[in-house]
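The values are calculated or read from the model by the stated rules, or taken from the named source; none is laboratory data. Only a predicted model underlies this, so the values are computations on that prediction, with no experimental measurement involved. Here the Cβ positions follow ideal geometry from the backbone for every residue, glycine too, while neighbour counts run over all protein chains shown.
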Amino acid sequence: MADRVYPSSKPNPQPPQAINGGGGPPSFPATKAQAYGATRPPYRPQPMKSRRRSRRGRCCTCCLWLTLILIALVLLAAIAGGIFYVLYRPRRPEFIVTSLRLAALNVTASNQLASRFDLSITARNPNKKLVYLYDPISVAISSGGVDVGDGSFPAFVQDTKSTTILKTTVSTSGESVDASAAADLKKKSKLPLEIDLDTKAGVKIGGLKTKKIGMKVHCEGFDAAVPKGKTAPSPSSPDATCKVKLRIKIWKWTF
């Protein structure tokens, strides 16, 4: 009698199917390191910046040469100045107020000033080899900070070791002053005065003429008697020595 085979009540388990549809091993998502390695560009070494370095080297060389040239020019100028001083011994001109007279002074009720001064100044050239060439000289007389007269001297040439007497009339008319200054001028019998000269002067050495530079002369320490009525006082002889200051201009700076 043949044996019968009865089917099992438990179903046969199905083999697991591949997720990727193939027969290979299962795949997993890429890690962060794998993703960064896939997107990172390959390393390429940068070329040396030789051109920039060569340009910087040229600029440094040019700056060094310019500095050396400037230093050499300064040294040459100092040597030339020393030789000039040794050969010619230059000295500044001298100015002395030799005569001053206040001929007229009037202050009106409306504080209008009118004045007239007779001024004489002696200019001396103490140099043996230098000739001074003067432009016209402007003259301003003040008292206590108030301008009481203006005038000028004409241009002139002063030879070596010579003395020149300059005479002029310094005056003002209708000059407005404040009330306190007007009252002060009315009550004084003598006016303390200051004189300022402003001009340009050059030097002549043989056939060579230098460029003219600014010159300011300041005189102080004297006074003038105020006239009373129609009688003018006699001229005074203060013999005040003035200070001479040269104004040397280099580009935009004045010394």
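Of note:
Matching residues to (1) of a type in the set (Phe, Trp, Tyr); (2) surrounded by 15 or more Cβ atoms within 10 Å (Cβ to Cβ):
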{"residue": "172", "(1), (2)": "no, yes"}
{"residue": "178", "(1), (2)": "no, no"}
{"residue": "181", "(1), (2)": "no, yes"}
{"residue": "194", "(1), (2)": "no, yes"}
{"residue": "200", "(1), (2)": "no, yes"}
{"residue": "222", "(1), (2)": "yes, yes"}
{"residue": "237", "(1), (2)": "no, no"}
{"residue": "240", "(1), (2)": "no, yes"}
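- Filter result for residue 214 (small (Gly, Ala, Ser), under 27 Å from residue 248 (Cβ atoms) and at pLDDT 90 or above): yes
- Every pair of residues 6+ apart whose Cβ atoms lie under 9 Å, when the first sits in region 160-176 and is of a type in the set (A, V, I, L, M, F, W, C) while the second is surrounded by fewer than 12 Cβ atoms within 10 Å (Cβ to Cβ): 166/154
- Close pairs (7 angstrom Cβ cut-off, 6 or more residues apart or separate chains): over 14 Å from residue 95 (Cβ atoms) in region 132-153, of a type in the set (Phe, Trp, Tyr) and assigned to a strand (DSSP E or B) anywhere: 136/153; 141/117; 149/117
- Within this structure, residue 137 passes the test of being among the hydrophobic types (A, V, I, L, M, F, W, C), in contact with a strand residue (DSSP E or B) (Cβ under 9 Å, 6 or more places away or on another chain) and surrounded by 15 or more Cβ atoms within 10 Å (Cβ to Cβ).
- Note on region 209-236: among residues that are over 43 Å from the mean Cα position of the chain (by Cα) and among the charged types (D, E, K, R), the one that is farthest from residue 107 (Cα to Cα) is 230.
- On the stretch given as region 95-131, residues that are under 20 Å from residue 190 (Cα atoms) and touching a residue at least 40 places away in the same chain (Cβ under 8 Å) total 20.
- Selection count, region 154-182, where residues are among the aliphatic types (A, V, I, L, M) and farther than 30 Å from residue 91 by Cβ: 4
- None of 231, 210 is among the polar types (S, T, N, Q), free of Cβ contacts under 8 Å to residues at least 40 places away in the same chain and loosely packed, with under 12 Cβ neighbours inside 10 Å except 231.
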